[in-house]
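Below is one structure; the comments refer to it alone.
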Amino acid sequence: MPAVLQEYNALDFAHASGSVLVQKGSDELIIRHLLIDSRMLMQVSGTVFFALKSNKNDGHKYIPELYAKGVRAFVVRDFANDWTENCSEAYFFHTDNVLASMQQLAEFHRKQFDIPVLAITGSNGKTTVKEWLRILLSKDKQLVASPKSYNSQLGVPLSVWQINARHELGIFEAGISSPGEMEKLEAIIQPWLGIFTNIGSAHSADFKSIRQKIHEKLRLFANASTLICSSENLMLFQEINAFAERNSIEVFSWGKRTSDNVKITDAEESPKGRLLSYEFCGRKHQIELPFRDEASVENVLHCLAFMLYQGHSPEELKGRILQLSPLALRLEQKSGRQNTVVINDSYNSDLESLRIALDFLKRQKQYQKKSLVLSDILESGLSEKELFAEIKKMLEGVDLHRIIGVGTSMQRHLNTVAKGARCFLSTEDFLNHISEFNFHDEAILLKGARFFAFEQIGQALEAQTHETLLEVNLDALVHNLNYYRNRIPSGVKIMTMVKANAYGAGSIEVAGLLQFHHVDYLAVAYADEGVELRKAGINLPIMVMNPEESAFDDMLHYQLEPEIFSFGQLKKFAEKARRRLFYKSSLYKIHIKLDTGMRRLGFETDELQALPAVLAEYPFIRVQTVFTHLAASDEAEQDNFTKQQIERFSKAVDFLSKSLEYKFLSHILNTAGITRHPASAFDMVRLGLGLYGISPLDDVQKELRPLSRLKTRISQVKTIRKGESVGYSRSFSARDDMRIAVVPIGYADGVNRHLSNKGHFLLHGQKVPIVGNVCMDMCMIDVTEFPSASAGDEVIIFGPELLVSNLADEAGTIAYELLTAVSRRVKRVYFHE
């Protein structure tokens, strides 16, 4: 079995997962993808579904549905007799423990790759440290890392399954909630290196003490060579050292102790955050950290210590560390009513996260008054007496104007540790009395467990915003990707277009999701787009479609693969690559573009004969793909021309396949071609506009989900008298008395000026016309038919309710232009449904 391909046939899979093949399907099985949630089916071909059971659900009941969709491999504990008849083409693997089989498979898979792996555990900061290290290291190595905070008994196997032959370093989180779990994660991750961030009371209910919790977490590093930690928490540091001595592990520490490897000597606030002085290897250094809050400083110091241990120079790290920025994980800050700021940290509620949130609240310098709304802490592992004693210590460190408790234990005990606190039994009870509190000129921290739905309090306190937003539905992206995946032949790869800031949706966020969903290639227009993705930790292969000679060095450095369309360009790139051979031996990948009728970029047909000989002059250049571009794949009346293009391309591919001594991929189909000409998929397809939910084909558009919604809010409503003009150049005059609304969005935000006096937006679910010329920062709409329209009402520019293609028709352009024109000054909000 070629493990580096991340492919398993039925027998190898059964062996690797410790399961028994009890029913063999009709076709040969190759497993590439693991599925544990039927709603997240990404690709039918190569998928195996693990039918997990929980107290709330049973994966076995989704097998018929998945079989109907084309899934042909299932790992089950309970084999139903009727599946033999109703799912006769499927492979079934039986096991006594489905989760254990998935973990065993991941463990086996990990053993096939001899790469260093860093494991991170601790009570807080795991995801932040992992993401920051991904940013710091992405320019040096091909990384594989846990998606989001996949650190559980389920998340870790899914994370480790991502490892393939490209990767040079793995970074995985590991979290536990009860004793005995960490040994399983250690066997899956098999870390060489470790970081122990800190210890706190989160998920402590099943542990007898903090020491037991430390001991259980340390099992992750039983076979590691080095463990990085802080010496600031004395008890944790002592336990780490004792464990390391028993297991012959090197401890690399940072802190204020003389014996620390990275000794912190001084820290003071600076314009950007904190200026840190430290000693390393007998020398004194300074570095500016772009953070002031204690939690972020602690997290970044873990990253600094790891980078120094890995051999990065202190001078080099000065620039890299400044690139880090806070991650939007759980804590949000929004403007509130009556000159307040609302800090919403309603993801969970434990003592450690409360400490972090209170530290953040304390640092809100613009407000003297500070208030706290705190829910019951549900999983502290402490008695109520011990819990509130800890809360009292934390509250004493913050000068709070008022404290409000929500929940039964808060009502019983909060007044004993915080005199004058008001308490309510439920969130609903508090909301019924919220008008009694005169919140103004203050910072308000909402710290609640998810059970208490503190987002309702946030909505009541937050100010009504009038900003223009582009909402990006990431679930729609996955839906559209799956739609096209299900329409290409088995084994055909997918290249996705993320050029032009992913058609306005945000290239880093979109590329990150596509990477998680295992697309094969990304494509950008220019090298700087690819460099941005690399710096953000995107390690998928990236093709650059418009490679400029001035960017060849960056492309070589960041492993970006250029489209080559002429002999002159090929020679220039090859000479750049040849010079790099003196200090870095490698094969440099390129993509050969052929012109089969588009009459744009590409080698001409009569140049093809000479191409193999020229390529042979550069043995360090490897053709990764050969491709061409269809001129009219979406137009039925042009199908004869499309057929000619496909025939020309097929002949060219045949010639090059015989002429080159190695294999390459070929691709011709763009988005429309995937659905209209699927028989010509070749080895790979290129998915562009359809990924973002837009198609010129009506039958396809019905199946897609638009990714983006551009919206704003009315700034002001005016009454216009008959004969009065509106806007620049007086291009519109009122025929009768009317009402207009001014909305704060214009051509600088992406609203095409050709929509002046003829385009439409959506208000209260109905189309309203644009009146007057579109201005740089605003435009006007006719709201005469909406007497209730007022400032603050939401206006949809385009989205699922009003397709961007419809707006493009009114502007006399195409959807591509409007999507890519959305300015970067427009705030993007990403969400999952």
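The values are calculated or read from the model by the stated rules, or taken from the named source; none is laboratory data. Note that the structure is predicted; figures quoted are calculated from it, not measured. Every residue, glycine among them, receives a Cβ derived from its backbone with ideal geometry; neighbour counts consider all protein chains shown. We work out accessible area using only protein heavy atoms, side chains counted, and drop any ligands, DNA or RNA first. Shrake-Rupley method; radii C 1.70, N 1.55, O 1.52, S 1.80 Å.
For a quick size check, give me the Cα extents of the range 17-166 along its three principal axes, largest first, whole Å.
So the extents along the principal axes, rounded to whole Å, are 53, 34, 25.
To two decimal places, what compactness ratio does the range 368-423 give when its Cα radius of gyration is scaled by 2.2 N^0.38 Å?
Working: Rg = 10.7 Å, N = 56, 2.2 N^0.38 = 10.2 Å.
Dividing the Cα radius of gyration by 2.2 N^0.38 Å gives 1.05.
With all protein chains present, calculate the accessible area of residue 509 using a 1.4 Å probe and round the result to the nearest 10 Å².
Around 80 Å² of this residue is reachable by solvent.
If packing is taken as the average number of other Cβ atoms within 10 Å across a peptide's residues, how do 384-396, 755-767 rank, most packed first?
The most tightly packed comes first, giving 755-767, 384-396.
Stokes-Einstein diffusion coefficient for the range 570-647 at 4 °C in a medium of 1.567 mPa s, Rh from the Kirkwood formula over Cα pairs: what value in µm²/s? Walk me through the intermediate numbers first.
Working: Rh = 14.4 Å.
Answer from the Stokes-Einstein relation: 90 µm²/s.
Using the heavy atoms of the protein chains and a 1.4 angstrom probe, tell me the accessible area per residue for the range 580-654 in square angstrom.
Accessible area per residue, the range 580-654: 53 Å².
Under a 1.4 Å probe, what is the accessible area of the range 180-322 per residue, stated in Å²?
For the range 180-322, the per-residue accessible area is 43 Å².
As a test, work out the antiparallel percent of DSSP beta bridges whose residues both lie in the chain, rounded to the nearest 5. Provide the component values of the computation, followed by the final result.
Working: 54 of 134 bridges.
Roughly 40 percent of the beta bridges in the chain run antiparallel, per DSSP.
Is the shape of the range 155-270 rounded, prolate or oblate, going by the alpha carbon gyration tensor and its root eigenvalues a ≥ b ≥ c, with a/c under 1.5 for rounded and a/b larger than b/c for prolate?
oblate
Give the span of the chain's Cα atoms along each principal axis, as three whole-Å numbers ordered largest to smallest.
Reported extents, whole Å, longest axis first: 85, 82, 68.
Expressed as cubic angstrom per residue, what is the convex hull volume of the alpha carbon set of the range 90-146?
That works out to 143 Å³ per residue.
Given just the C-alpha atoms of the range 158-221, how large is their convex hull per residue in cubic angstrom?
Hull volume over Cα atoms, normalised by residue count, gives 87 Å³.
Over all alpha-carbon pairs in the range 689-821, figure out the percentage whose distance exceeds 18 Å.
The share of Cα pairs beyond 18 Å in the range 689-821 comes to 52 percent.
Going from the alpha-carbon gyration tensor of the range 415-493, what semi-axes, largest first and in whole Å, does one get by taking the root of 5 times each eigenvalue?
Semi-axes, largest first: 45, 17, 11 Å.
May I ask you to give the solvent-accessible area per residue for the range 438-571, in square angstrom, as obtained with a 1.4 angstrom probe?
The answer is 33 Å² per residue.
Which aspartates and glutamates, on any chain, are close to residue 141 with Cα under 18 Å apart, when same-chain ones fewer than 8 places away are left out?
114, 131, 168, 316, 532, 553, 554, 561
Counting pairs of Cα atoms in the range 657-719, how many percent are more than 12 Å apart?
Roughly 75 percent, rounded to a whole number.
What number results when the radius of gyration of the range 425-565, computed over Cα atoms, is divided by 2.2 N^0.38 Å?
Against the compact-globule rule of thumb, the ratio is 1.57.
Could you order the peptides 706-714, 485-493, 27-35 from most to least packed, using the average number of other C-beta atoms within 10 Å per residue?
706-714, 27-35, 485-493
After finding the eigenvalues of the alpha carbon gyration tensor for the range 92-184, what semi-axes result from the square roots of 5 times each, listed largest first in whole Å?
23, 18, 9
Over what distance in Å are the Cα centres of the range 366-438 and the range 248-306 separated?
34
Binning every alpha carbon pair distance of the range 508-609 at 5 Å from zero, what are the percents per bin?
P(r) for the range 508-609, in whole percents per bin: 2, 12, 22, 21, 18, 13, 9, 3, 0.
Taking Rh as the Kirkwood radius, which is the inverse of the mean 1/r over Cα pairs, what is the Rg/Rh value for the range 455-522? Provide the component values of the computation, followed by the final result.
Details: Rg = 16.6 Å, Rh = 14.3 Å.
So for the range 455-522, dividing Rg by the Kirkwood Rh gives 1.16.
What is the dipole size for the chain, taken about its Cα centre, with +1 at each Lys and Arg Cβ and -1 at each Asp and Glu Cβ, in debye to the nearest 20?
Numbers: 96 positive and 102 negative charges, 260 e Å.
Roughly 1240 debye, rounded to the nearest 20.
Can you flag which of 499/593; 126/213; 69/184; 499/589; 392/447 are past 21 Å Cα-Cα?
69/184
Over the range 765-833, what lengths in whole Å, largest first, do the semi-axes of the equivalent ellipsoid take, defined as the square roots of 5 times the eigenvalues of the alpha-carbon gyration tensor? Spell out each step's value before the answer.
Working: eigenvalues 89, 57, 38 Å².
Semi-axis lengths for the range 765-833 are 21, 17, 14 Å.
Leaving ligands, DNA and RNA out of it, report the carbon-plus-sulfur percent of the accessible area of the chain at a 1.4 Å probe.
Carbon plus sulfur share of accessible area: 47 percent.
Between residue 657 and residue 15, what is 0.36 nm times their sequence separation minus the Cα-Cα distance? Round to one decimal in nm.
On the way: separation 642, 0.36 × 642 = 231.12 nm, distance 3.69 nm.
In short, 227.4 nm is gained.
What 222 nm value per residue comes from the helices of the chain, counting each DSSP H run with n ≥ 4 as -39,500 (n - 2.57) and dividing by all residues, nearest 500 deg cm²/dmol? Walk me through the numbers before you get to the answer.
Details: 28 runs with 262 residues, N = 833.
Only helices count here, giving -9000 deg cm²/dmol.
For the chain, what's the relative contact order in percent, using C-alpha pairs closer than 8 Å and at least 6 residues apart? Numbers along the way, then the final one.
On the way: 1687 pairs, mean separation 65.5, N = 833.
This gives 8 percent for the chain.
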